[in-house]
Every structure is written in C-alpha cells, then in structure tokens.
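**Q** I have a structure I would like to understand better, so I am pasting it below and will then ask my questions one at a time.
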Amino acid sequence: MDDWGHAPDLEDVAGEVAIVGIGETAYTKASGRTAREIGAEAAERAIADAGLEPRDIDGLTWSGAFADFDAAAFHEHFGTSHDLWTSPWGGGMAWAGTAPHLAALAIREGRARHVLNVFPVAWATQRASMTGGPGEVHAAQAAKQNLEVPFGWFPQPVYFATIMRRHMIEFGTTPEQFGAVAVAARRHANLNPDAVMHGRPMTIDDYLASPVLADPLRLLDSCLISDGGAAYVTTGIDRARDLPRPPAVVAGVGEGYSGTGTNWAQQRAFTSTPQVFSAPRAFSMAGIAPADVDVLTVYDPFTVVSLMQIEDMGFCPKGEAGAFVEGATLHHDGGVLPFNTHGGLLSHAYVLGIAHVVECVKQIRGTAAAQVPGCEVAVYGGYTGHMASTLVLVKDR
Amino acid sequence: MAIRRADFPLPDLDEPLTAPFFAAAARRELRIPRCDRCAAFVWYPQPACPRCGDVPGWVTVSGRGALFSWAVVRRAFLPAFEAMVPFVSGLVAIDEDPSVRVVSYVVDAEPGSLYAGMPVVADFRPLAFPTVPGREVVVPVFRPLDAPTGAGGGPR
C-alpha cells in the first residue's frame, strides 16, 4: 500500500543552519496591493529582524510557481545589484518547509551565507478582479479541465468534500471531529491580533450551523482567501549564534510525493497525504519521534487535510485522528499536540504555509501570541497536493 | 492562466488526450485508455503508458462500477453551475479495475440513499450549461444499477 508515492533522499543537514530572521506583512482581506509589494515588505522586515542589511543577503529562494518575488524584484526594491545565489524552489506551500534545506546546501557549498526565503500572495485582491485563485491552476490542466470540471468535480472544496466523505466512510469520522480542528484554529486566532479572524469567536455549534458548500464540507471547514506574505532568513549555525535573535535550528527536513500528482481522484491511498513518506525522513534526520514534538503547524486548506496529516505524520494511528483531536488535544495551553497555534489557513490567513513556518520560529523563540510553554521542538507539515514536506525546528542547545 | 475557451466548462472536444472519451460517449459507450502491451488501464489518459512507453489504445468497458465517494455540491463555484445545484458529483471505481475512478454526476438517486460501494452503471446524457448557449455534449453519468433508466434528461 505504501508504494503510491515516494520520498527522495535528502542530504542530512541536521544542525547545520538556523532561521535567524522573520518578517511578516499585515494579513488582510483584499488590500489592493500586488504580491510583489507584499513580498518586498516581508523581505525588508525579515532582514531587519535578523540584524542584517539587504546587501548581506547573498541567497534568495522564491516560488517559481508564483514568480512574484525573484532576484530582480529584490534588487529593484533594495536598490542593490550584488550577486545572489537563487533558487525558484522556495517560497510557500510545501516549499516553505524545504527552502531551509536548499539554503543549507548552498551555505555548505559556499554559494551563499545569508539566504532569504520569501512568499507573498494577493489572492484576495486578485479574486476580486477574477484574475487568479486556487482553482485556476487546476482548471488549466487538460485531464482536469475535461474529465473533472464538466462533471462539477471542481474546485478544491469539492475535491476535499469527497476525500472527507471517504474518511468518514473508512474510519467513522464525524462532523464534530472535523469541527474540533476548525474550533481549535479559531481559538488560537482569537489570541493572535495578527490573525484575519481575530475577534470572531467560534463554537462547535457555529461550525455545525455554517453553510454546507459541498456536503459533507462546510464553509468553516475551509481556509480563508487572503493577502499577505512572510519571509525568513537562514544562515549557518555559527553565524546564527552571532546574530541578535535566538536561532531556530533546522534539525530535520523531509519531502514526499504522490505518484498521481494533484489528480486526487486517482490517488490510490485516497485518504492519505504524502506526509506518509516525508515525515519519517524528517524525524529520522532530526533524531526525534512524534511524541517529542511540542508544537505542530500543518498546511490546512480544509479540516480533513489536517486530520490526514496528523495521522500520516504519526501523531496517532491511521484513521484515528477524528477521536484524537476531540476535546483540548490541539490547544496551545495544555493540549497533547498544540496545533496551528497562530490560527492556520483556516483562521489566521491564507498565505500558503509561510506563516506556519514563521509561527514555528516564534514558538522556538518563545514569542508566539499563543505560546506553548517550554517549546523546544516545532514542526511544520507542508502540503501541496502532489507533495508534502516536513520541517523540524529546535531550540539551540 | 485563465480559461479563455468560450464553451468552458463543457469539455474541449478538440483536446486530443480526452476526445476519444467523448466520441465514445456519443455512441453510448464508456471507453478508457489501456496499454495493449501491459494490459493495464492508463487513467487519466496520457500520451504514453507510464510503465512501458507504448501509446495506449481505447477499450470499451461495461460501464458498471461501485460508488467510491461523492460530494453533494450545494454552492455553485462557477456561474455555469448556478442553475444545477444541488447535484451529486462522485467517483466511480469501474468493475474492470477499481483503481480506475471515473468522475461524473450520480443521477436518478436521492443523495441520502447513496452509500459506499453502491453498484452503479453508466448512462449517457446531454450536458449543457446556460452559460454556453446552444451547445451540448453527451457525457457518461452514473445511475444506480437497480434503478430504472431515467426520463433521459440532463445530469439532474
């Protein structure tokens, strides 16, 4: 059953690098700003937070899939022209978790010393003008455009409603259990003034009463659409110890791929994510077990994706996440598995995972809005449909 | 990246990868690509068999399958679907190879009567959207195996 995807062998970089600077823009509904402007602001703040100058940044990882903040954008914004080592395999989504691995190799090989990873998105603004959004990329693919869209199996809420139903069929997962994920995320967002849904409390009854978009999927199972961005700076561990912020040390990185790509309809393990392949590699590199994790942030476009990743990363047996997440399990204050403590894509902002990594750094620093006491190990689970990533950050010892 | 094709979201009958699927549906047949050398279905269609590289042919299957999962779509995510909601869109595992899941409408059944593994059979109905006036394409849909053939209307 485990041959439906694979994990590439990543070089062991445990302990070699650390995240030393983080920067965030405001997280909002439609702002009227471009992603490039948002990216520049996030970059500026991350560099300043690291105690560095723009000219100190000699490596840049960005999202080739979105192409909003590349080397040209960097130089244009900062008025610089120095050589930059770059890779388009960074940015957000699953790549928000693997960019530190790219940085570690570039730093090891002497290609760069301070590597900036940036990811901005302006989908709230773009959606208002119907020029972009999560569905479009999918509708452009021939098989999906002709064999799914005409049959109403589009876009993401319909895909994940179908996956949710299958999870319910196979494992008996209930609406209240999906709702527990949404309620926990909102609880954390209400402790975080930066969250889009701050000041909007939600109960399980609110969840159950929310409109059904595609039965069994409700509005409140679904992520927001937002404008915003974040960035972080990675550097070698020795250099990190000279900089002002406490280093968030990169202890493990993993990557996993589904053999059927983003054709979810055809994925043999229909109720699984490629975390099955990614998480064990990252935990092994870091020398930790799931029980050692103090805080988990996962890419959570829909509640079922959180449940699946919690299972696939080994925090509970497959099929048991529904029962696992009930009660206070996911709460930052005393839960067994403090989860998406910034509010996640559901209630913080839909900035495609970059804020999840920033939240992990804050938890390691001890500066998160919903801080987990004594947090020493923070993990990001990235998900991009065809791909999952796992990033283990630890406190410097 | 935006879809400019005027008949979207009807299928693009000029797309070579999927045209045989709709040509078959017009003849009331469900056809799926299969590699002759590997005797394995290649679904979704690909220009070459991922195992051996041969060009897959298309074979007619029985149209029978089991309902794998489904969503009852209540919110129209595209203007084309506004007049159609609510509708059931599901995945059907075909009897010849359950790893092949065909996506289509599940018709002639109350949503509450559906269950996992429910035997279904392909039927062929014209699909039309009010946003694409004057065009229709015959597509495979699925109805319960034990239900009488419907009145021959659209996917609703």
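Nothing in this text is a laboratory measurement; each read-out follows from the coordinates by a stated rule. Since the structure is predicted, the reported quantities are computational estimates derived from the model, not experimental observations. Backbone-built Cβ (ideal geometry, glycine too); neighbour counts: all protein chains shown.
**Q** Treating only the Cα positions of the range B:62-146 as identical point scatterers, give the base-10 log of I(q)/I(0) from the Debye formula at each q in 0.15, 0.16, 0.24 Å⁻¹.
**A** Result of the Debye calculation: -0.55, -0.62, -1.17.
**Q** Take the alpha carbon atoms of the range B:86-149, find their center, do the same for the range A:5-29, and report the distance between the two centers in whole angstrom.
**A** Distance between centres, Cα-based: 43 Å.
**Q** In the protein assembly as shown, which Cys residues have no partner Cys with a Cβ closer than 4.7 Å?
**A** For the protein assembly as shown, the answer is A:CYS223, A:CYS316, A:CYS360, A:CYS375, B:CYS52, because their Cβ atoms have no other cysteine Cβ under 4.7 Å.
**Q** Rounded to two decimal places and with Rh computed the Kirkwood way over Cα pairs, what is Rg over Rh for chain B? Let's see the in-between values first.
**A** Numbers: Rg = 15.9 Å, Rh = 16.5 Å.
So for chain B, dividing Rg by the Kirkwood Rh gives 0.97.
**Q** What does the charge count near A:ALA40 come to, summing +1 for each Lys or Arg and -1 for each Asp or Glu among other residues with Cβ under 12 Å from its Cβ? Write down the numbers at each step before the final one.
**A** Values: positive: A:ARG33, A:ARG36, A:ARG45; negative: A:GLU37, A:GLU41, A:GLU44, A:ASP68, A:ASP70, A:GLU76.
Residues close to A:ALA40 contribute a combined charge of -3.
**Q** While we're looking at this one, here's another question. For each of B:PHE21, B:PHE41, count neighbouring Cβ atoms within 10 Å of the residue's Cβ, then give the residues from fewest to most. Working shown, then result.
**A** Details: B:PHE21 24, B:PHE41 19.
Exposure proxy ranking, most exposed first: B:PHE41, B:PHE21.
**Q** Between A:VAL212, A:VAL17, A:VAL377, which gets the highest mean-square fluctuation from a Gaussian network model of chain A, Cα cutoff 10 Å?
**A** Of A:VAL212, A:VAL17, A:VAL377, the most mobile in the Gaussian network model is A:VAL212.
**Q** Provide the per-residue ³J(HN,Hα) series for the range A:146-154, in order, calculated from phi with Karplus coefficients 6.51, -1.76, 1.60 and θ = phi - 60°, each as a whole number of Hz, with x at glycine and proline positions.
**A** Listing the rounded values in order: 10, 10, 10, 4, x, 9, x, 8, 4 Hz.
**Q** Looking at chain A from every direction and averaging, what is the projected area of its Cα convex hull in nm²? Kindly include the intermediate steps, with their values, before the conclusion.
**A** Details: hull surface 70.2 nm².
Seen from a random direction, the Cα hull of chain A projects 17.5 nm² on average.
**Q** Return, ordered by residue number, the residues of the range A:197-239 whose backbone nitrogen is under 14 Å from a label point located 7 Å along Cα→Cβ of A:ASP292.
**A** none
**Q** So what J values fall out for the range A:189-194 if you push phi through Karplus, 6.51 cos²θ - 1.76 cosθ + 1.60 with θ = phi - 60°, rounded to Hz, Gly and Pro as x?
**A** Using θ = phi - 60°, the values come out as 4, 6, 9, 10, x, 7 Hz.
**Q** With every atom except the alpha carbons ignored, what do you get for Rg and Dmax of the range B:13-61, in angstroms?
**A** For the range B:13-61, the Cα-based Rg and Dmax read 10.5, 30 Å.
**Q** Right, next: What's the angle, to the nearest 10 degrees (0 to 90), between helix A:156-171's Cα axis and the longest principal axis of chain A?
**A** 60 degrees
**Q** Within a 10 angstrom radius of each residue's Cβ in A:161-167, how many Cβ atoms of other chains show up on average? Whole number is fine. Could the numbers behind the result be given before it?
**A** On the way: counts 7, 8, 3, 2, 9, 5, 1.
The mean count of partner-chain Cβ atoms within 10 Å per residue comes to 5.
**Q** A follow-up question, please. Average projected area of the Cα convex hull of the range A:56-179, in nm²?
**A** Values: hull surface 46.6 nm².
Seen from a random direction, the Cα hull of the range A:56-179 projects 11.6 nm² on average.
**Q** Next question, about the same structure. List the relative contact order of chain A as a percent without decimals, with contacts defined as Cα pairs under 8 Å and 6+ residues apart. Present the calculation step by step, with values, prior to reporting the outcome.
**A** Working: 995 pairs, mean separation 100.4, N = 397.
With pairs under 8 Å counted, the relative contact order is 25 percent.
**Q** A further question follows. Looking only at A:PRO301, A:PRO150, A:PRO54, which one moves most when chain A is put into a Gaussian network model with springs between Cα atoms under 10 Å?
**A** Fluctuation is largest for A:PRO150.
**Q** Continuing with this model, one more query. Anyone know which of A:THR260, A:THR28, A:THR235 comes out most mobile in the 10 Å Cα GNM of chain A?
**A** The residue that fluctuates most here is A:THR260.
**Q** Hey, another quick one. Which value at 222 nm does chain A reach when only helices count, each DSSP H run of 4 or more adding -39,500 (n - 2.57), with the total divided by all residues and rounded to the nearest 500 deg cm²/dmol? Each step should come with its number before you reach the end.
**A** Values: 14 runs with 137 residues, N = 397.
It comes out at -10000 deg cm²/dmol, rounded to the nearest 500.
**Q** Additional query: Arrange the peptides B:107-116, A:99-108, B:79-88, A:63-72 so that the one whose residues have, on average, the most other Cβ atoms within 10 Å appears first. Working shown, then result.
**A** Values: B:107-116: 13.4, A:99-108: 24.4, B:79-88: 16.9, A:63-72: 18.6.
Most protected by this proxy first, the peptides run A:99-108, A:63-72, B:79-88, B:107-116.
**Q** Using modelled amide H (1.01 Å from N, peptide plane; none on Pro or chain starts), what sits under 5 Å from the amide H of A:LEU213, excluding residues fewer than 5 places away?
**A** Result for A:LEU213 returns A:ARG218, A:LEU219.
**Q** Residues of the range A:280-296 with backbone nitrogen within less than 15 Å of a virtual label 7 Å along the Cα-to-Cβ line of A:ASP12, please, listed as ranges.
**A** A:281-288
**Q** Peptide B:72-84: average number of partner chain Cβ atoms within 10 Å per residue?
**A** On the way: counts 9, 11, 7, 8, 2, 10, 6, 0, 3, 3, 0, 0, 1.
Across the residues of B:72-84, the mean count of other-chain Cβ atoms within 10 Å is 5.
**Q** Quick one: Kirkwood hydrodynamic radius for the range A:36-122, alpha-carbon pairs, angstrom, one decimal? Numbers along the way, then the final one.
**A** Numbers: mean 1/r = 0.0794 Å⁻¹.
Across the range A:36-122, the inverse of the average 1/r is 12.6 Å.
**Q** Over chain B, what is the mean sequence separation of C-alpha contacts under 8 Å (at least six apart), divided by residue count, expressed as relative contact order in percent? Present the calculation step by step, with values, prior to reporting the outcome.
**A** Working: 299 pairs, mean separation 33.2, N = 156.
Relative CO of chain B lands at 21 percent.
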